[in-house]
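The values are calculated or read from the model by the stated rules, or taken from the named source; none is laboratory data. Quick caveat, the model's predicted, so the values are computed rather than measured. Note that we place each Cβ from the backbone using ideal geometry, even for glycine, and neighbour counts take in every protein chain shown. Quick note on the areas: whole protein, heavy atoms, side chains included, nothing else; ligands and nucleic acids left out. Shrake-Rupley method; radii C 1.70, N 1.55, O 1.52, S 1.80 Å.
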Amino acid sequence: MTLAKAPTLLSEDQALSLVDKVIQQSEAEGVFVSLSTGEESLSRFSENQISQNISRSRLSLSITSYFGKRSASASTTELDLEAINETVHRSEELARIAPEDPEWVPLLEPQNYEERTPAFDEATVAFSPLERGEMVQRVCTLSTNAGVEGSGTLSTEAFLMAVGNSRGLRACDRTTEADFSFTARIDDGSSWSQRTAFSIDQIPLESLTEQLIERALASRQPREVNPGVYPVVFDGAAFADLLSWVIWNLDARAADEGRSFMSRTDEAGLPAGNRLGEQMFSPLVQVQRHPAHPLLQLGTCFGDGLSNHYTEVIKDGTPQTLSYSRYWAQQQGKEPTGAMFPIVMSGSNQSLADLIAQTERGILVNRAWYVRYVNPKTLEVTGMTRDGTFWIEEGQIAYPIKNLRFNQRLPEMLQEVDALSSVQRFGSSVVPGVRVKAFNFSSVTDSV
């Protein structure tokens with residue numbers, strides 16, 4: 001087994017030099033080049049033992065050529081001169097015969113990016129299979145000793161993205177990420193959570209494992225409660241999955257065309273703009289696009305070259321901005337924003353236990369599972385609780401309950417937010433635990 005590996009990721013200088021060379025070879029009227037490369041390693045475990053250990057390198061060079069309003073893309077996974085030349089010529093040949101794009105926009109001009117360096121942890125890049133195995137073994141030992149069946153993944157990744165075009169745009173970011181996901185099962189009880197960080201050293205592996213084992217043991221022999229509307233305390237991992245649906249749907253075009261919960265309509269029911277600037281949620285809801293957040297420290301640009309900078313998304317419960325594509329921004333006389341990613345929601349100095357202690361009666365939800373649209377226009381979704389759902393009585397967890405299906409309009413859920421915990425990182429989101437005064441459960445499910 002390999003003890004360590006030398007990073008093979010391109011440097012920023014190498015990546016930008018390669019982008020320059022491709023642009024110089026182009027004979028098109030305009031060209032956009034995107035280079036992405038990554039080193040990923042993952043250990044998977046189940047039934048308290050490692051079941052898979054993999055590493056992979058990935059590289060993609062994409063070239064989009066433009067002739068007027070015609071364009072086409074071609075890509076390669078090889079960086080030798082012949083492969084690059086063939087890819088350039090293929091994209092040009094296809095672009096010459098492509099139909100004109102009715103939503104064409106000119107190539108992006110050079111952008112101003114935040115003056116910061118994204119997190120790139122060398123120890124995470126060089127983290128060996130043996131070291132991953134030793135960490136996973138500690139998790140499996142804790143599970144075995146507690147009599148639970150543990151499964152999950154531990155992964156690390158180093159990623160580089162570079163973009164450039166014939167108008168002088170250039171950008172490059174290098175980042176690292178470590179992720180741990182763990183499920184504990186025993187009899188009819190289960191629990192799950194995950195943690196993500198830019199450094200493997202920041203993953204609270206053992207403390208999280210112990211917490212989830214304790215939750216799985218406590219979730220056995222659940223009782224049934226009637227469906228209905230209840231106060232709910234959401235663990236941050238569960239709330240992150242629901243909040244993301246709201247942020248994804250802050251799309252300016254959908255709102256302006258009457259297809260969104262952010263749409264306004266006139267007396268005849270026709271689209272009449274959007275609800276930007278209207279207080280729609282609890283004043284406690286504060287959401288930002290904040291790639292420089294200390295728990296994230298992500299890249300400074302998006303894949304199309306637009307700047308990924310700090311942006312107020314929701315302030316004091318009022319949406320401050322919508323997501324404008326370059327085409328829709330051009331149509332509406334606005335500035336393009338790029339995606340509302342990554343999501344950061346402000347929290348408090350309270351713990352999740354504090355939120356539970358302040359709840360007279362309600363339900364603790366640790367995971368929102370299989371969330372899907374019911375009605376995109378109202379942003380009503382359905383899904384299920386999973387992996388540890390509990391009844392709260394007089395500020396304490398009273399007993400486990402059977403899982404419930406929910407049907408909920410998420411904008412209305414955000415209206416009901418009345419307490420927040422401290423924040424944690426889940427994937428590329430930073431979110432607190434949240435209490436809402438009313439959340440609609442429609443039926444009991446047999447899911448575990």
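Sorted largest first by accessible area at a 1.4 angstrom probe radius, with every protein chain in place, the residues E115, E380 fall in the order E115, E380. What figure in square angstrom, to the nearest 10, would you give for the accessible area of L242 with a 1.4 Å probe? Roughly 0 Å² of L242 is accessible to a 1.4 Å probe. The distance between label points at I97 and A83 comes to 2.5 nm (points 7 Å beyond Cα on the Cα→Cβ vector). Within a straight-line Cα-Cα reach of under 27 Å, K21 can be paired with the following lysines, leaving aside sequence neighbours fewer than 8 residues apart in one chain: K69. Just how much of R90 is accessible, in Å², when a 1.4 Å probe is used and the result is rounded to the nearest 10? R90 exposes around 90 Å² with every protein chain in place. To put it simply, the accessible area of the range 59-175 at a 1.4 Å probe is 49 percent carbon and sulfur.
Ligands, DNA and RNA are left out, and with a 1.4 angstrom probe the accessible area of the chain is 45 Å² per residue. With helices as the sole contributors, the chain gives -7000 deg cm²/dmol at 222 nm; each DSSP H run of n ≥ 4 counts as -39500 (n - 2.57), and the sum is divided by every residue.
Carbon-plus-sulfur fraction of the accessible area of the range 295-425, 1.4 Å probe, in percent? Don't skip to the answer; put the middle values down first.
Values: 2410 of 5450 Å².
Result for the range 295-425: 44 percent of the exposed heavy-atom area is carbon or sulfur.
Electrostatic bookkeeping for V431 treats Lys and Arg as +1 and Asp and Glu as -1; over the other residues with beta carbon under 13 Å from its beta carbon, the sum is 0.
Accessible surface ranking for Y373, Y230, Y399, 1.4 angstrom probe, highest first: Y373, Y399, Y230.
Which whole-number percentage describes the relative contact order of the chain, with Cα contacts under 8 Å and a sequence gap of 6 or more?
Values: 1160 pairs, mean separation 68.8, N = 448.
It comes to 15 percent, rounded to a whole number.
Relative to the dominant Cα principal axis of the chain, helix 205-218 is inclined by about 40°. Taking all protein chains as they are arranged and a probe of 1.4 Å, the heavy atoms of S282 leave approximately 10 Å² accessible to solvent.
Taking +1 at the Cβ of each Lys and Arg and -1 at the Cβ of each Asp and Glu, which of L160, N53, W328 sits farthest along the dipole of the chain towards its positive end, judged by Cα position relative to the Cα centre? Positive-most Cα among the choices belongs to W328.
Dipole orientation for the range 203-259: of the candidates V225, S244, L212, V225 has the Cα lying most toward the positive pole (charges on Cβ; Lys, Arg +1; Asp, Glu -1). Other residues whose C-beta falls under 12 angstrom from the C-beta of A146 contribute a net charge of -1, scoring Lys and Arg +1 and Asp and Glu -1.
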